[in-house]
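Notes for the one structure printed next.
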Amino acid sequence: MGLFGKKKKSETINEPIVTPIISEETAEKDVVKPINSEAKELVIKIFCAGGFSTSLWALKTEEALHKQGITSKVTAYPVASIEIEGNNADAILIGPQTRYVEADAKKAYPEKIIEVVPFTIFGRVNGDENVKYLKEIGVIN
């Protein structure tokens with residue numbers, strides 16, 4: 001399947017769909033230059049099933065970033081809009097309930113930081129903890 005369940009041209013209807021299971025553990029990451037190392041507004045977009053519950057996560061994260069003096073815009077969107085909204089994002093975060101789009105998103109935007117937010121961080125909706133996570137994945141320094 002392609003991004004968001006769209007069929008690729010080479011797929012047939014009778015072909016089984018195999019989805020790898022992705023663990024909560026994160027593999028070692030290559031060292032990347034933090035996005036906010038330049039003097040510009042940091043644009044982080046988080047995608048989830050509907051974009052509603054994640055709005056609170058985005059709000060708390062943006063508030064915590066602003067408290068630390070980081071100019072940012074953190075917004076939530078339904079996963080169906082990742083193809084459109086992903087273009088102008090510095091970092092793309094994916095809610096844990098929609099982790100199935102991670103591989104396709106990384107193919108579509110290889111130059112961007114794309115991560116699935118772990119359940120343990122996503123569920124707490126704690127702005128300061130979210131900022132720590134953004135540091136861990138290399139979005140901010």
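The values are calculated or read from the model by the stated rules, or taken from the named source; none is laboratory data. Computed from a predicted structure; not experimentally measured. Every residue, glycine as well, gets a Cβ built from its backbone with ideal geometry; the counts of neighbours run over all protein chains shown.
For Val125, the requirement of being under 15 Å from Leu59 (Cβ atoms) and touching a Lys or Arg at 6+ places or on another chain (Cβ under 6 Å) is met. Under the condition of being more than 17 Å from Val101 (Cβ to Cβ), surrounded by 15 or more Cβ atoms within 10 Å (Cβ to Cβ) and either in contact with a Cys (Cβ under 7 Å, 6 or more places away or on another chain) or at pLDDT below 95 (or both), the residues counted in the stretch 43-52 number 0. Looking across the stretch 100-123 at every residue that is out of contact with any helix residue (DSSP H, G or I) (no Cβ under 8 Å at 6 or more places or on another chain) and in a loop (DSSP other than H, G, I, E, B), the one that is nearest to Ala76 (Cα to Cα) is identified as Gly123.
Condition check: at pLDDT below 95, buried (at least 20 other Cβ atoms within 10 Å of the Cβ) and not basic (Lys, Arg). Does Ile82 satisfy that? Quick ask: steps written out before the conclusion?
On the way: at pLDDT below 95: yes; buried (at least 20 other Cβ atoms within 10 Å of the Cβ): yes; not basic (Lys, Arg): yes.
Yes: the conditions hold for Ile82.
For the stretch 87-131, a residue qualifies if it is touching a strand residue (DSSP E or B) at 6+ places or on another chain (Cβ under 8 Å), touching a residue at least 40 places away in the same chain (Cβ under 8 Å) and hydrophobic (A, V, I, L, M, F, W, C), and the qualifying residues are Ala89, Ala91, Ile92, Leu93, Ile94, Val101, Ala105, Ile113, Val116, Val117. Scanning the stretch 73-106 for residues that are out of contact with any Leu (no Cβ under 7 Å at 6 or more places or on another chain) and of a type in the set (Asp, Glu) returns Glu85, Glu102.
Taken together, the residues in the stretch 67-99 that are in contact with a helix residue (DSSP H, G or I) (Cβ under 9 Å, 6 or more places away or on another chain) and assigned to a helix (DSSP H, G or I) amount to 9. Considering (1) among the hydrophobic types (A, V, I, L, M, F, W, C); (2) in contact with a Ser or Thr (Cβ under 9 Å, 6 or more places away or on another chain); (3) without any contact (Cβ under 8 Å) to a residue 40 or more places away in the chain, the lone condition that Ile84 does not fulfil carries the number (2).
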